[in-house]
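Please read the structure below before turning to the comments.
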Amino acid sequence: MHSSLIVAAAVLSVARAQTRSEKRGLVFVPNKDSPEDNKIWVQDGSDLTWYYNYGTTPAPAFADQSQSDFEFVPMLWGSIEDTSFLDSVNTLIDSGRNISHVLTFNEPDGPSQYGGSDIDPSKAAQVWVNNIIPLSEKGIKVGLPACTGATTGIPWLQEFLGQCSQLISTDGNDKNCSYDFVTIHWYGNFEGLASHLGEYSAAFPNKTQWITEYNFDNQDLETTQDFYNTSAEYFDRLDSVSRYSYFGSFRSDDSNVGVNAVMLNNDGELTDIGSWYLGGTATGVQPQSGLAGRNQVGVLLAITLALIGGLLI
């Protein structure tokens, strides 16, 4: 390729990635060994407007952030036997926090060893009736359970809604369990993502979508970056997508979705994707660079020097 075309292509790539969007949020996965990373997401100029942390309590790291600036969205992660989620959200509201949305059930169709909450639809329906319907009646917008990207997701949700409707219906008075938005997870290529969103639109029409975990995991860096750029642009222009949160707010060595699918390198510096996601420009920071890489180099250097020393004796 001619050098001027290479430069033009690079400029176009950076320009496409350097976008801002009120839809972007944070899947907050704190690193207890590097708490300084927490402040990266709320630094001046950050594009993020909301976050969730798989729990019912706001993260202490963001205690100085107002709900209007950085909205905390509670999640009912898995099965419970009581109304503790309802009670926790009501406590937040009573303390003055404006809770306007809640998330429910993290990957209930997925096994626990892979992070799923692994709940039978009938059990989830009872938990929903006890904890979610009272919040919905207060005007809080609720999301359908966040199933995996597997083919089990939509059937699980359909059975769940059927079971839930049975619980609230009485003789001669059929009712449907209502929800305000659909929550989606995806770990695959862009074509599959677009198809998946279409399937959810067909199964649950006239509802907005939140993509609360997504990435193209375990790919080379160029493929990972291309996926991020294409998907972010796609979400931003789709009216049906109201919010999205990229799964990768951690360091490369801590990643369970591949070393390149992250927003921080091993020194806690923003990678290109991390900076783009916050609305900034490319940093040129390689995901696998940093402390771990330098340690490896140091070990190799020590071994080399030892070998040289042995030869000189």
Residues of region 198-221 satisfying the condition of being aromatic (Phe, Trp, Tyr), outside any loop (DSSP other than H, G, I, E, B) and within 14 Å of the chain's Cα centre (by Cα): TRP210, TYR214
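Can you go through GLN209, GLN158 and tell me which one is touching a strand residue (DSSP E or B) at 6+ places or on another chain (Cβ under 8 Å) and under 29 Å from THR56 (Cα atoms)? Reasoning before the result, please.
Details: GLN158 fails: touching a strand residue (DSSP E or B) at 6+ places or on another chain (Cβ under 8 Å).
When all the criteria are applied, what remains is GLN209.
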Can you tell me how many residues within region 41-69 are touching a Leu at 6+ places or on another chain (Cβ under 7 Å) and among the hydrophobic types (A, V, I, L, M, F, W, C)? 2
So, in region 24-68, exactly how many residues are of a type outside the set (S, T, N, Q) and touching a residue at least 60 places away in the same chain (Cβ under 8 Å)? 16
Members of region 256-270 found to be buried (at least 22 other Cβ atoms within 10 Å of the Cβ) and within 25 Å of GLY192 (Cα to Cα), listed by number: ASN260, ALA261, VAL262, MET263
Condition set more than 16 Å from the chain's Cα centre (by Cα), of a type outside the set (S, T, N, Q) and part of a loop (DSSP other than H, G, I, E, B), scope region 59-76, selection farthest from THR212 (Cα to Cα): answer is ASP64
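Given the criterion at pLDDT 95 or above, of a type in the set (Asp, Glu), in contact with a Gly (Cβ under 7 Å, 6 or more places away or on another chain) and in a loop (DSSP other than H, G, I, E, B), identify the matching residue among ASP47, ASP82, ASP109.
Values: ASP47 fails: at pLDDT 95 or above; ASP82 fails: in contact with a Gly (Cβ under 7 Å, 6 or more places away or on another chain).
After applying the criteria, what remains is ASP109.
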Scan region 36-57 for residues that are within 13 Å of LEU264 (Cα to Cα) and surrounded by fewer than 16 Cβ atoms within 10 Å (Cβ to Cβ) and report the count. 2
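Given the structure, is ASP254 farther than 22 Å from GLY116 by Cα and not hydroxyl-bearing (Ser, Thr, Tyr)? Full working, then the answer.
On the way: farther than 22 Å from GLY116 by Cα: no; not hydroxyl-bearing (Ser, Thr, Tyr): yes.
Judged against the criteria, ASP254 is not a match.
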Which of the residues belonging to region 168-216 are of a type in the set (Gly, Ala, Ser) and either under 10 Å from GLY149 (Cβ atoms) or at pLDDT 95 or above (or both)? SER169, SER178, GLY188, GLY192, ALA194, SER195, GLY198, SER201, ALA202, ALA203
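Just checking, how many residues over region 127-162 are hydroxyl-bearing (Ser, Thr, Tyr) and in a helix (DSSP H, G or I)? Steps first, answer last, please.
Let us first name the residues in region 127-162 that are hydroxyl-bearing (Ser, Thr, Tyr), namely 136, 148, 151-152.
Among the residues that remain, those that are also in a helix (DSSP H, G or I) are: 136.
Total meeting the criteria: 1.
Any idea which of SER195, SER178, SER165 is assigned to a loop (DSSP other than H, G, I, E, B), surrounded by fewer than 20 Cβ atoms within 10 Å (Cβ to Cβ) and of a type in the set (Gly, Ala, Ser)? Steps first, please.
On the way: SER195 fails: assigned to a loop (DSSP other than H, G, I, E, B); SER165 fails: assigned to a loop (DSSP other than H, G, I, E, B).
Result of the check over SER195, SER178, SER165: SER178.
The values are calculated or read from the model by the stated rules, or taken from the named source; none is laboratory data. Here the structure is a predicted model, which means the values were calculated and not measured. Positions of Cβ are backbone-derived with ideal geometry, glycine not excepted, and every protein chain shown enters the neighbour counts.
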